[in-house]
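Below is one structure, written out as structure tokens; the observations come after it.
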Amino acid sequence: MDLTPLLDAEALFGWPVATIDELVQLSKQANAGAITITDWRSSDGKLRAGLPAVSDEHRASIAKLKRELATSGLYKDEDRGRLFSRLHAMVSPAPDNAELRQQLSRFAALSREFDAEGRAMLEEERQRVIRWLREEDDGDRDPKTMLPWSFIAKFRVVEEPELGPVPQPVNAARKQAMGRATAEQMADALAMGGQRAEGLAEVSSDMMLYALTRFPKLVIQSAKDNADVTQHAQMLRSIWTSPEVQQLLREETSREWPQEYH
């Protein structure tokens, strides 16, 4: 197929080439990290809003042209590479978060089919998508589990049947959050490089909880069989649930928690 008319055209399928080139440039800037995914989406959307919709017929023609350029290797030529980028930009608006997560799933499947060089290229793409998703989270992701801190913080304090509220060390809260997260939340977190529950160092948090709660729980449990201990158990529980002691316990378990959850 003679592509010369398309290479020199001032419009492609009703879209001004000058505007398409702006879309291409935005994509390149976002891929290079020069602009955020939010800025890309905003600018991309404004440009497309002033353009006619791409019909199904035109989409089919664009897909065919892209295949011809890709399978023939013609896209490696500078001019034809520019044409390929323009065609791709026409049918590829800035992705939303759902599309980015789908891309991560595709990368995981494709990596099993590629050689080492191909997997390295996929990993580069994967890290770019992860960066975009993290930008959208506005820093709310826990770097270990990749669950939102706002979700993990629901387990900052857990109600213990005998003692009452027990502030949790961060790994204990992480483990509980992972146990309560939906399948979609966990798939999202793991796709972004989050650890699984068994990958967390739980010994220190378990020991801390044991040290904090062992004595008061022992006294309260003893009161069930020893009426003489009942008054002490009631007093101890009252002390434990007091705001002053709860604050001390939060301070004791604050390591690694973001400041707003101390």
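We did not get these values from a lab; they are worked out from the coordinates using the rules stated. Everything numeric here is computed off the predicted structure, so don't read it as measured data. Here the Cβ positions follow ideal geometry from the backbone for every residue, glycine too, while neighbour counts run over all protein chains shown.
Quick notes on this structure:
- The chain: angle of helix 97-110 to the longest principal axis, Cα-based, in degrees nearest 10: 80
- Alpha-carbon centroids, region 223-258 and region 1-35: separation in whole Å: 66
- Shape of region 1-52, Cα gyration tensor, a/c cut at 1.5: oblate
- Prolate/oblate/rounded label for region 72-141 (Cα gyration tensor, a/c 1.5): oblate
- Amide H within-cut-off set for ARG141, under 5 Å, with H built and near neighbours excluded: TRP149
- A Förster distance of 41 Å, applied to the separation of the beta-carbon atoms of LYS64 and LYS154, puts the FRET efficiency at 0.20.
- Projected label distance in nm at ASP225 and LYS28, using a 7 Å step from Cα toward the beta-carbon: 7.8
- Cα gyration tensor shape of region 38-83, rounded if a/c is under 1.5, else prolate or oblate by comparing a/b with b/c: oblate
- 3J(HN,Hα) from dihedral phi, region 115-120, Karplus parametrisation 6.51/-1.76/1.60, rounded to Hz, x for glycine, proline: 7, 4, 5, x, 5, 5
- Between the exposed loop cleavage positions of the chain, defined as GluC sites (Glu not before Pro) in a non-H, G, I, E, B DSSP state with at most 12 neighbouring beta-carbon atoms within 10 angstrom, the longest gap is 114-262.
- Helix-only mean residue ellipticity at 222 nm for the chain, each DSSP H run of n ≥ 4 adding -39500 (n - 2.57), per residue, nearest 500: -20000 deg cm²/dmol
- Over 20 Å (Cα to Cα) - which of LYS28/LYS64; LYS28/LYS66; LYS144/LYS175 fall in this group: LYS28/LYS64
- Gain upon complete extension [SER242, ASP115; 0.36 nm per residue less C-alpha separation]: 39.7 nm
- Annotation note: chymotrypsin sites (Phe, Trp or Tyr not before Pro) in region 94-152 located in DSSP loop regions with a Cβ neighbour count of at most 10 within 10 Å are absent.
- Pairs of C-alpha atoms in region 1-113 farther apart than 20 Å represent 48 percent of all such pairs.
- Fewest-first ranking of ASP206, ASP56, ASP44, using other Cβ atoms within 10 Å as the exposure measure: ASP56, ASP206, ASP44
- Option label - Kirkwood radius over Cα pairs in Å computed here, alternatives (1) 20.8; (2) 23.0; (3) 19.6: (2)
- For VAL158, nonlocal amide neighbours, meaning residues 5 or more places apart or on other chains whose placed amide H falls under 5 Å from its own, are VAL166, GLN168.
- Loop trypsin sites (Lys or Arg not before Pro), region 161-262, which have at most 11 other Cβ atoms in a 10 Å radius of their Cβ (DSSP): ARG196, LYS224
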